[in-house]
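Inspection log for the structure reproduced underneath, given as structure tokens.
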Amino acid sequence: MSKAGPSQASIFLNGLWKENPVFVQVLGMCPVLAVTNSVRNAIAMGLSTMFVLVMSSTLVSLVRNIVPKQVRIATYILIISTFVTIVDYVIKAVSIPVYKALGPFIALIVVNCIILGRAEAFASKNSVYRSILDAFGMGIGFSFALLCLGAVREILGAGTFLGVPLFGPYFEPWIIFLLPSGGFFTLGAWLLAFSLWKERRTRKATLAAEHAQELAS
Amino acid sequence: MNAATEQTLPMPKQTSSAYMILVMTAVATLCGLLIVTVYQATAPAIARNQAQIIEESVFEVLPNATRQVAFAVDTAAGAVTVDAEGQSALPKVFAGYDDSGALVGIAIEAGGRGYQDIIRILYSYSPDCGCIDGFKVLDHKETPGLGDKIITDPDFQENFAKLDAKLDPATNRPVNQIVTVKHGTKTEPWQIDAISGATISSKAIGRIMQSSTDEMLPVITAHLDEIRKAGTS
Amino acid sequence: MSVGTHAIDIRTSPHIKGRVTTDTIMLNVVYALLPVTAFAVFVFGLSAFLLVIVTTGTCVLTEHVLCKLARKPSTVSDYSAVITGLLLALTLPPGFPLWMAIVGSVISIGLGKALFGGLGMNPFNPALVGRAFLQAAFPVAITTWTPAFWPEMQIWSTERFTSIVLPTVSLPFMRPESVASFINGITIDGFSGATPLSRMKFDHETTSIIDLFVGMTAGSTGETSSALIILGGVYLMARRMMNWRIPVAILGSATVVSGIFYALNSEIYPTPLFVLFSGGLMLGAMFMASDMVGSPTTPLGVWIYGILIGSVTVVIRLKGGLPEGTMYAILLGNACTPLIDNLTQPRIFGARKKGERK
């Protein structure tokens, strides 16, 4: 790796914002749509995924110089599935209700493309420290996105936030936001908001650049 | 950047198969070790959690019980055996006893098709009054706001305060079939008053109970002495 | 619909300009819907009137605002938003909370139409998109039915024109008081807010066909009177503004499929006549499935489309978990339309079939 690589802060912020796995890369949609019907589930899923992401990135980065190119994907999968199994046991030991709510989606973290993606695209080419930084950035970015969806869906779909009622006893919940279709609507709305915001920023940036050029000439 | 990466990765011109196998085995061993360690560490907590869920539910439907014993019921052979280890694949019932060892009631697990998916319920049967006097939904996927009223609707729960399930002493079959009736038209003690607007889920509960009582109660009644004895031993 | 701003407009033949434009067709659909709407207001009173006004108004307003947001000329004047608003109101229960009706109208126009590019681009009937959303969002409110002629239950009483059903005016985002608890003090014999379809589904009770045909039953605002819906449909067919094959195929296939069920077991399945005149089948067949945008263009395709909708409706009603299936059947039909169109393209005159060799 050359010295001219990205700075530590930018590695971290990359996953958090600029290349947010959900809002920008649109990866790992299965858990994003399936288990964000409450804030609690969203947080549990986000943390589980982040744990797997950080641990597997660390290990992949550690063994990156030993593993032959031909068997690297098989090795990554092995490593990722190990940590998924560990998460599975830990959640079951901590809380059965959370385990039931997340259901098969814990096991499906193993096929979440973000994790294998970061292992292949980043951890296998970077130092352990940088890989951990990247994994944390991506993990927090993923959790943040899940939380965004979970918050909207729980507030509208049940009138609560983390189980605390917000609007009094007569609030009419929008059941659709608890159903899978509501997940699609919410994701669509967030993506729309995100791209609107990005578009406005790029337009501002180009205007500023043009302005600077005019001044210079 | 790409060129730089290529250099850092060790790319022997010809990786020998033995080396690949060695690396994979080493990684797999490490992973295996990790999994086993975590499994060992969490196994007691997991077992405790799982046992707790069903145990707590049993005490919930049998509030007067202080101790419970699990039985496996073989409806085909008409046999009831103590199943403390939870090994049997047969349907299970849980007998609850009070401090003096007297039988308080029997909690029966049952399941059947609801509107969306299988509904699993636990209900308690009291042999003394020949009625169902406790009810809890263990697991369901009914529509939130509609079908899940089978849990939240207090009027519906009221049905199971004393739901008639008497057996005919001569034939040892239920005298009356438990049945769900339209909201507000319950007239007999063996009828379940449906929830207005959630007829499908209400009827599902009625069906599940009807088939479960039909199947289990005769066997349980036939072996009531054994079940009572298990409380004092 | 689309306004070109080219300096020179070059078009291929034929250069015939018909008198029938989108606007005239849409206006005639509005005329055809008026008797049904008027009857609904007569049967269900002031609440139904407010519902119609609110959905229509919101739909038109939404269309106007969205056009402005997209920096396009407003398309309000083509009456299509009025039709969407009217149809949405006619498919909702008469005492439906008005704030929910506003939500449904915005969804209808916004999600069902504008998002796809406006009139002519929408794959699904906009009114049904709104209703499907409301059905999933507020399953309790949308199955709370006010009986016909409530509260006095007499045709010539006037109280329903001066009083409002309580759920109609429930506060925004708040739960409507259920109709049943509201009228507890009045006690109406055997009233549980059930429609003929739900009574059939859950209790196997039929309703008199005459009542169904005239519309003296509980149900969605505009679905009750089959007679007036047929009247409106025939008017459109006579003016050649609706493809007569679609309603004929839907109603015909529904009759045949329910006839088969009835022949198999007449004790638990309703008569074909009951299936035809109850629920939203008639309204859906005449005014929603026949929407030009969402239905196939080829004659054969139209038959397939109609038969699909008719039979799926009956199967959902008789075999599914829901009492009514017209809405989902039509949405399914809309979804299949591109495929049906693709498979039933007529052969060009003189061209050979694929694979056919001389």
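None of the figures in this text is laboratory data; all of them are computed from the coordinates on show. Please read all numbers here as calculations on a predicted model, not as lab measurements. Neighbour counts are summed over all protein chains in view; Cβ atoms, including those assigned to glycine, are modelled from backbone coordinates with ideal geometry.
A few notes on this one:
- FRET efficiency for A:Leu108 and A:Lys198, using Cβ-Cβ distance with R0 set to 45 Å, rounded to 0.05: 0.95
- Kirkwood Rh, Cα atoms: Rg over Rh of chain A: 1.05
- Annotation: amide H of B:Leu167 within the under-5 Å range of B:Val175, sequence separation 5 or more or interchain, hydrogens built in the peptide plane.
- Cβ-based exposure ranking for C:Glu63, C:Glu324, C:Glu205, in which fewest neighbours within 10 Å come first: C:Glu205, C:Glu324, C:Glu63
- Excluding same-chain neighbours fewer than eight residues apart, the aspartates and glutamates reachable from C:Lys72 by a Cα-Cα span under 13 Å are C:Glu63.
- Total charge dipole magnitude, the stretch C:194-343, about the Cα centre, Cβ charges on Lys, Arg, Asp, Glu only, Debye to nearest 20: 280 debye
- Gained length - C:Thr158 relative to C:Asn342, 0.36 nm times residue gap less alpha-carbon distance: 60.9 nm
- log₁₀ of I(q)/I(0) at q = 0.09, 0.14, 0.16 Å⁻¹ - the stretch C:194-343, Debye sum with one point per alpha carbon: -0.26, -0.62, -0.81
- Each Cα pair under 8 Å and six or more residues apart adds its sequence gap; the mean of these over the residue count of the stretch B:67-156 is a relative contact order of 17 percent.
- Ordering C:Thr224, B:Thr199, B:Thr42, C:Thr146 by the number of other Cβ atoms within 10 Å of each residue's own Cβ, fewest first, gives B:Thr42, B:Thr199, C:Thr146, C:Thr224.
- Phi angles of the stretch C:286-292 translate, via the Karplus equation with coefficients 6.51, -1.76, 1.60 and θ = phi - 60°, into HN-Hα couplings of 7, 10, 10, 5, 7, 3, 4 Hz per residue; Gly and Pro are given as x.
- Separation in nanometres of the label points that stand 7 Å from Cα toward Cβ, at B:Leu22 and A:Ala74: 1.6 nm
- With neighbours defined as other Cβ atoms within 10 Å of a residue's Cβ, the residues B:Leu217, A:Leu166 order from fewest to most as A:Leu166, B:Leu217.
- For the stretch B:62-232, the Rg and Dmax computed from alpha carbons only, in angstrom: 15.8, 46
- Note that the stretch C:331-341 has calculated 3J(HN,Hα) couplings of 4, 5, x, 4, 5, 7, 3, x, 5, 4, 4 Hz, one per residue in order, obtained from phi through the Karplus relation 6.51 cos²θ - 1.76 cosθ + 1.60 (θ = phi - 60°); glycine and proline are x.
- Violating pairs (Cα-Cα greater than 21 angstrom) within the set B:Lys92/B:Lys149; B:Lys149/B:Lys203; B:Lys162/B:Lys182: B:Lys92/B:Lys149
- Placed amide H near A:Phe171: partners under 5 Å, 5+ positions off or other chain: C:Arg175
- Under the span-like rule (Cα at least 30 Å along the axis, Kyte-Doolittle mean at least 0.0), DSSP H helices of chain B: B:17-61, B:199-222
- Residues whose amide H falls under 5 Å from that of B:Gly134, counting only those 5 or more places apart or on a different chain, are B:Ser124, with hydrogens built in the peptide plane.
- This model, with +1 at the C-beta of Lys and Arg and -1 at the C-beta of Asp and Glu, gives the stretch B:64-132 a dipole about its Cα centre of some 200 debye.
- What you get for the stretch B:99-185, charging only the Cβ of Lys and Arg (+1) and of Asp and Glu (-1), is a dipole of about 280 debye around the Cα centre.
- Between the residues A:Ser181, A:Ala44, A:Gly168, the greatest Cα displacement towards the positive end of the dipole of chain A, with unit charges on the Cβ of Lys, Arg, Asp and Glu, is found for A:Ala44.
- Relative to the globular-protein estimate of 2.2 N^0.38 Å, the Cα radius of gyration of the protein assembly as shown stands at 1.15.
- For the pair the stretch A:15-34 / the stretch A:152-217, the C-alpha centres are spaced 14 Å from each other.
- Karplus (6.51, -1.76, 1.60) ³J(HN,Hα), θ = phi - 60°, over the stretch C:94-104, in Hz, Gly and Pro reported as x: x, x, 5, x, 5, 5, 5, 5, 5, 4, x
- Distance between the C-alpha centres of the stretch C:85-160 and the stretch B:32-108: 50 Å, rounded to the whole angstrom.
- Crossing angle, helix C:126-137 versus chain C [Cα axis fit, 0-90 degrees, rounded to tens]: 40 degrees
- Charge dipole of the protein assembly as shown about the Cα centre (unit charges at C-beta), most positive-ward option of B:Ile220, B:Gly112, C:Gly215: C:Gly215
- Of the DSSP H helices in chain A, those whose Cα atoms cover at least 20 Å axially and whose Kyte score averages 0.0 or more: A:39-62, A:72-94, A:128-158
- Computed over the stretch C:39-112, the ratio Rg/Rh where both radii use C-alpha atoms and Rh is Kirkwood: 1.02
- Among C:His204, C:His64, C:His15, the largest mean-square fluctuation in a Gaussian network model of chain C (Cα springs under 10 Å) belongs to C:His15.
- Take each residue in C:127-137, count the other chain C-beta atoms within 10 Å of its C-beta, and the mean is 3.
- For the residues B:Ile118, B:Ile195, B:Ile106, a GNM of chain B with alpha-carbon springs under 10 Å puts the largest fluctuation on B:Ile118.
- Potential extension, C:Val248-C:Leu273 segment - 0.36 nm per residue separation minus Cα distance: 7.5 nm
- At R0 = 45 Å, FRET efficiency that the Cβ-Cβ distance of B:Arg173 and A:Phe167 yields, to 0.05: 0.30
- Most fluctuating residue given options B:Ala198, B:Ala18, B:Ala76, as computed from a GNM of chain B linking Cα atoms under 10 Å: B:Ala18
- Here chain C is treated as a sphere whose radius is the Kirkwood value from Cα pairs; by Stokes-Einstein at 4 °C and 1.567 mPa s it diffuses with a coefficient of 61 µm²/s.
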